[in-house]
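Values in this text are rule-based calculations from the coordinates and carry no lab data. Nothing here was measured: the structure is a model prediction, and the numbers come from that model. Every residue, glycine among them, receives a Cβ derived from its backbone with ideal geometry; neighbour counts consider all protein chains shown.
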Amino acid sequence: MDQILEIAYANLLSPMILFFLLGIIAVLVNSDLKVPTAFYNGYTMIILFTIGIKGGIELRNVSLVEMVPTIIAAILLSVVMLLLSHIILRKVFHYSFEDSIAIAAHYGSVSAVTFIAGLAFLDKVGVLYESYMSAVLVIMEGPAIILAIIFYKLHVQKHGGEVDNPNAKMSHVVKEAFFGKSIFLLLGGIFIGLVAHTDGLANIQPLFGDLFYGVLCIFLLHMGMIATMSMRKMKNVNPISFLFAFILPVLGGVLGVITGNIIGLSVGGTTILAILSGSASYIAAPAAISQAIPKANSGLTLGSALGLTLPFNLIVGIPFYYWLATLLVG
């Protein structure tokens, strides 16, 4: 226990977490601090492109055969987290079918920001990880979203309803889940990092490399503000009904550690797989789910994923998953 407290304390004092907490405080004290929308869109692109480019560069020296076990495990984890989340939300917390499957889609998918924070944490403690984990991030974004909407369609048809929303068509869903902004930028970055000349990559290093963590800190400042504002909107809600926002990430993280150990990942790789499995999407999933399942409470899904699970993972989850991985794998 002392070890995990030391790890959590060290993580809490990292600049990224402090910027996130500063964003929370800004809203709580009603500061007039604002981040322009155009600036937000710009640094989001920089962050996602940087993850992809870094992953693409590292993929140059990795064989596909080496990645296969992790890819299969990642997809299975996404599906298992979708199903377990839906069952827990439906049977234990008694949410409606629409809300439970919508929330489950968010927790079956992944958070790029949590992933980045996990990489920064491992770099800080000097722990190496498999170079292809950026590709795993991309792979885990879409499957749960697609499956959740398929289950919703089947549920509606079974009960004699019709899905008449044009945005709920499977072609649109696939487009949003696999070619929405976040995934497209990650895939584009991976492609650039994989095929671009090394001298060309060196020229873009100042923006997509040197400035990365500074931009990420500003992004997390903004995320802290948005997370707090989203929770403020959830009035007159029983706090107990939000416990799933802490239970599901821990469940996903534990399953990720166990899976990483089974397929033979390193401590770092296992930690990242646990971070991905324990995270919740608040970019790709809301874009697809809000249109395909309009009856779901979007405030509930975004409030839990962004307002509760993201800060939980940044402050507590990441060091906990690492500690667990060192016990089981190390």
Once normalised by the length of segment 205-330, the mean sequence separation of its alpha carbon contacts under 8 Å that are 6 or more apart gives a contact order in percent of 34
State the Cα centre-to-centre distance between segment 134-152 and segment 262-316 in whole Å.
-> 11
Could you check the simple spin-label distance between LEU83 and ASP32, using points 7 Å along Cα→Cβ, in nm with one decimal?
-> 5.5
Please find the FRET efficiency linking PHE191 to ILE262, where r is the Cβ-Cβ separation and R0 is fixed at 30 Å, and quote it to the nearest 0.05.
-> 0.45
Longest exposed-site-free window of the chain, the sites being trypsin sites (Lys or Arg not before Pro) in a DSSP loop that have at most 15 other C-beta atoms within 10 Å | 61-168
How big is D, in µm² s⁻¹, for the chain by Stokes-Einstein at 4 °C and 1.567 mPa s if Rh is the Kirkwood radius over C-alpha pairs?
-> 65
Rounded to the nearest whole Å³, what is the per residue volume of the convex hull around the Cα atoms of segment 49-157?
-> 122
Across 5 Å bins beginning at 0, the whole-percent shares of Cα-Cα pair distances in segment 211-301 come to 3, 11, 14, 16, 21, 16, 12, 6, 1, 0
Along the Cα-to-C-beta direction of ALA202, a point sits 7 Å from the Cα; which residues of segment 40-74 have their amide N less than 12 Å from that point?
-> none
